[in-house]
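**Q** Next up is a structure, given as structure tokens.
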Amino acid sequence: MTTELREALARAGVVLPSLRPDPVSIAHRYMPPLVELGRCSMEVARQLADALAERSRGERA
């Protein structure tokens, strides 16, 4: 799933360098696997917000 998410974000012009599967949740017997989105700069956060807003506007049209 992280590959698909990374590719979709890249198509939207967003790169999250810390994007990866969460190793603790993968090893956990009862917890579903999680994706670690990690930390990002304020600029990357703005790009992500803009990409989501653009997508949202397109769905309402």
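**Q** If you take the residues in segment 22-34 that are open to solvent by 60 Å² or more (accessible area, probe 1.4 Å) and not in a loop (DSSP other than H, G, I, E, B), which one is nearest to Leu48 (Cα to Cα)? Walk me through how you get there before you give the answer.
**A** Residues of segment 22-34 that are open to solvent by 60 Å² or more (accessible area, probe 1.4 Å), as a first pass: 23-24, 26-34.
Among the residues that remain, those that are also not in a loop (DSSP other than H, G, I, E, B) are: 23-24, 26-27.
Details: Pro23: 24, Val24: 26, Ile26: 26, Ala27: 29 Å.
Going through the qualifying residues, I end up with Pro23.
**Q** Tell me, which residue of segment 35-56 that is open to solvent by 50 Å² or more (accessible area, probe 1.4 Å) and among the polar types (S, T, N, Q) is farthest from Thr3 (Cα to Cα)?
**A** Ser41
**Q** Would it be correct to say that Arg20 is of a type in the set (Lys, Arg) and in contact (Cβ under 8 Å) with a residue 40 or more places away in the chain?
**A** Details: of a type in the set (Lys, Arg): yes; in contact (Cβ under 8 Å) with a residue 40 or more places away in the chain: no.
Answer is no for this residue.
The values are calculated or read from the model by the stated rules, or taken from the named source; none is laboratory data. Given the structure is predicted, the values throughout are model-derived calculations rather than measurements. No Cβ is skipped: glycine too gets one built from the backbone with ideal geometry, and neighbour counts run over all protein chains shown. When the accessible area is computed, the model is the full protein with side chains, heavy atoms only, and any ligands, DNA or RNA have been set aside. Shrake-Rupley method; radii C 1.70, N 1.55, O 1.52, S 1.80 Å.
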